[in-house]
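Presented below is the structure to which this report refers.
Only the coordinates and a few stated rules stand behind these numbers; no lab work does. Computed from a predicted model, the values in this text were never measured in an experiment. Neighbour counts are summed over all protein chains in view; Cβ atoms, including those assigned to glycine, are modelled from backbone coordinates with ideal geometry.
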């Protein structure tokens, strides 16, 4: 009888931890949810459901940490700010064009380095130090934003995107602004 009582207490403790983790997750306490799911995994290490909940809670906690740290300007550099920097009146950016080579070959910023966005992480050795200003460029800014998020999470503290992408920069130049 003692063994089944201990087993029932363990099962009850496991269920309570999972419920508490689910409640914490629903309330936006992702770190607390991860801790409760981790404790449940200690009780039942082979339980796929607890592992799945734990992974989601850890991912949500990291995402929440990142999103709450994004400043209002969202790490964007306007075409005018880029032009000023290119003329020596601003930070000297390492220009990383994350478009495909075919797009890059049709036109790009002078001195830009081309690493397609799906391959950037395989070529971190080509990037300057983590504190160096890096400007990410693609056609419309969408691919650059994906790279920005990952590089920021990896500790690159001065990564920015060209607002509107290379297309917006060209449009700005055609209007005679540059």
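Quick check of the Kirkwood formula: for the chain, what is the inverse mean of 1/r over all pairs of different Cα atoms, in Å? Numbers along the way, then the final one.
Details: mean 1/r = 0.0520 Å⁻¹.
One decimal place: 19.2 Å for the Kirkwood radius.
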- Label 7 Å along Cα→Cβ of residue 13; segment 28-62 residues with amide nitrogen under 11 Å? 40, 42-44
- Task: With a point put 7 Å past each Cα toward its Cβ, work out how far residue 26 is from residue 149 in nm, to one decimal.
- Result: 2.6
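Using only DSSP helix segments of four residues or longer, with each worth -39500 (n - 2.57), what per-residue ellipticity at 222 nm results for the chain after dividing by its residue count and rounding to 500? It would help to have the intermediate numbers written out before the result.
Numbers: 7 runs with 96 residues, N = 178.
Calculated mean residue ellipticity at 222 nm is -17500 deg cm²/dmol.
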- Item | Separation between Cα centres of segment 76-115 and segment 36-55, rounded to whole Å | 46
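Can you tell me the length gained on complete extension of the stretch residue 157 to residue 52, counting 0.36 nm per residue apart and subtracting the Cα distance?
Working: separation 105, 0.36 × 105 = 37.80 nm, distance 3.10 nm.
My answer for the length gained is 34.7 nm.
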- Report the extension gain between residue 102 and residue 124 in nm, rounded to one decimal, defined as 0.36 nm multiplied by the number of residues separating them, less their alpha carbon distance. 5.8 nm
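Working out 0.36 nm times the residue gap between residue 111 and residue 80, then minus their Cα-Cα distance, what length gain in nm do you get to one decimal? Write out the running numbers ahead of the final one.
Numbers: separation 31, 0.36 × 31 = 11.16 nm, distance 1.77 nm.
Full extension from residue 111 to residue 80 adds 9.4 nm.
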- Query: Based on the Cβ-Cβ distance of residue 168 and residue 59, what FRET efficiency does E = 1/(1 + (r/R0)^6) give at R0 = 25 Å, to the nearest 0.05?
  - Reply: 0.20
- For labels at residue 42 and residue 87 in the simple 7 Å Cα→Cβ model, what's the distance in nm? 6.2
- Item | C-alpha long axis of helix 2-26 to longest principal axis of the chain, angle in ° | 30
